[in-house]
Amino acid sequence: MLFALKTLVDRVLHLVADLQVPSSAIMVATFTEKAAKELISRISSLAHSLNVTVDVSDMYIGTLHSIFLNILEEYRSHTTLARNYRVLDDFEKQYLIFQNAERFNKIENLSVLVKGHFGWSFAKDIASLVSRAGEENLDLEKLSSCSDCATLPVLAEITKEYRTLLAENNALDFSLIQTKMWELLKIESVL
């Protein structure tokens, strides 16, 4: 890991100092927040020791989720997100589903994907399904129109209901961050 960090630090400083790339045009994604903080610290330290002016606060350095959240906030007016939205962790996501179990139970043929009708395991099963749908960025309209399968239209309805709940609560979850970023990127005139 140390070699990888050194390589990234050297690359960033080369871009800024030698190639005159503006700090705001640099994005470095890491797997953990700890690695991102270490990277920022090393870039700042090496830049200082080389007497190179680098504005690390203008760079996008972090995990993909944190970078995407920064971009989504910057261009929030082009999204469906309202001010002061929040990102739900796994527990909050399951609790939201648990509190609204009756809404999911109205979905026709729900039992082909989810066992039970209430309780924590019900909420956990729904949470797992909507996470996979979000992470894979599945097209819910295509899933809904699948006439030769029983499960995909149900998955689409579960996901739509969950996303409606999120919108009502001005919230996102980690899998939906990626989907919202993808939707923002598809708006050509924004970025």
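On the stretch given as segment 75-104, residues that are among the polar types (S, T, N, Q), open to solvent by 40 Å² or more (accessible area, probe 1.4 Å) and closer than 16 Å to residue 168 by Cβ total 3.
Could you pull out the residue among 187, 107 that is of a type in the set (Val, Ile, Thr), farther than 18 Å from residue 88 by Cα and loosely packed, with under 12 Cβ neighbours inside 10 Å?
None of the others qualify; the one that does is 187.
For segment 146-186, the set of residues classified as at pLDDT below 90 and part of a loop (DSSP other than H, G, I, E, B) consists of 146, 147, 148, 149, 150, listed by residue number. Among the helices (runs of 4 or more DSSP H) confined to segment 1-92, the ones with at least 1 residues that are over 17 Å from residue 178 (Cα atoms) and free of Cβ contacts under 8 Å to residues at least 40 places away in the same chain are located at 2-13, 33-49. For segment 150-173, the tally of residues that are open to solvent by 20 Å² or more (accessible area, probe 1.4 Å) and more than 20 Å from residue 105 (Cα to Cα) stands at 1.
The residue pairs whose first member lies in segment 98-119 and is within 17 Å of residue 130 (Cβ to Cβ) and in contact (Cβ under 8 Å) with a residue 24 or more places away in the chain, whose second member is among the hydroxyl-bearing types (Ser, Thr, Tyr) and open to solvent by less than 70 Å² (accessible area, probe 1.4 Å), and whose beta carbons are closer than 7 Å, counting only pairs six or more residues apart or on different chains, are 112/151; 113/151. Scanning segment 12-31 for residues that are closer than 19 Å to residue 51 by Cα and surrounded by fewer than 13 Cβ atoms within 10 Å (Cβ to Cβ) gives 14, 18, 19, 20, 22.
Name the one entry in 125, 173, 148, 139 that is among the charged types (D, E, K, R) and in contact (Cβ under 8 Å) with a residue 40 or more places away in the chain.
173
For the residues 142, 115, the requirement of being out of contact with any Asp or Glu (no Cβ under 6 Å at 6 or more places or on another chain) and either assigned to a loop (DSSP other than H, G, I, E, B) or surrounded by 12 or more Cβ atoms within 10 Å (Cβ to Cβ) (or both) singles out 115. Mind listing just one residue for me: the one in segment 42-69 that is touching a strand residue (DSSP E or B) at 6+ places or on another chain (Cβ under 8 Å) and of a type in the set (Ser, Thr, Tyr) and, of those, nearest to residue 24 (Cα to Cα)? Among residues in segment 42-69 that are touching a strand residue (DSSP E or B) at 6+ places or on another chain (Cβ under 8 Å) and of a type in the set (Ser, Thr, Tyr), the one nearest to residue 24 (Cα to Cα) is 60.
Could you tell me which numbered condition residue 72 fails, if it satisfies all but one of (1) in contact with a strand residue (DSSP E or B) (Cβ under 6 Å, 6 or more places away or on another chain); (2) open to solvent by less than 70 Å² (accessible area, probe 1.4 Å)? Tallying (1) in contact with a strand residue (DSSP E or B) (Cβ under 6 Å, 6 or more places away or on another chain); (2) open to solvent by less than 70 Å² (accessible area, probe 1.4 Å), residue 72 fails exactly one: (1).
The values are calculated or read from the model by the stated rules, or taken from the named source; none is laboratory data. Note that the structure is predicted; figures quoted are calculated from it, not measured. Neighbour counts are summed over all protein chains in view; Cβ atoms, including those assigned to glycine, are modelled from backbone coordinates with ideal geometry. The protein model used for the area step is the full one, side chains on, heavy atoms only, and it has no ligands, DNA or RNA in it. Shrake-Rupley method; radii C 1.70, N 1.55, O 1.52, S 1.80 Å.
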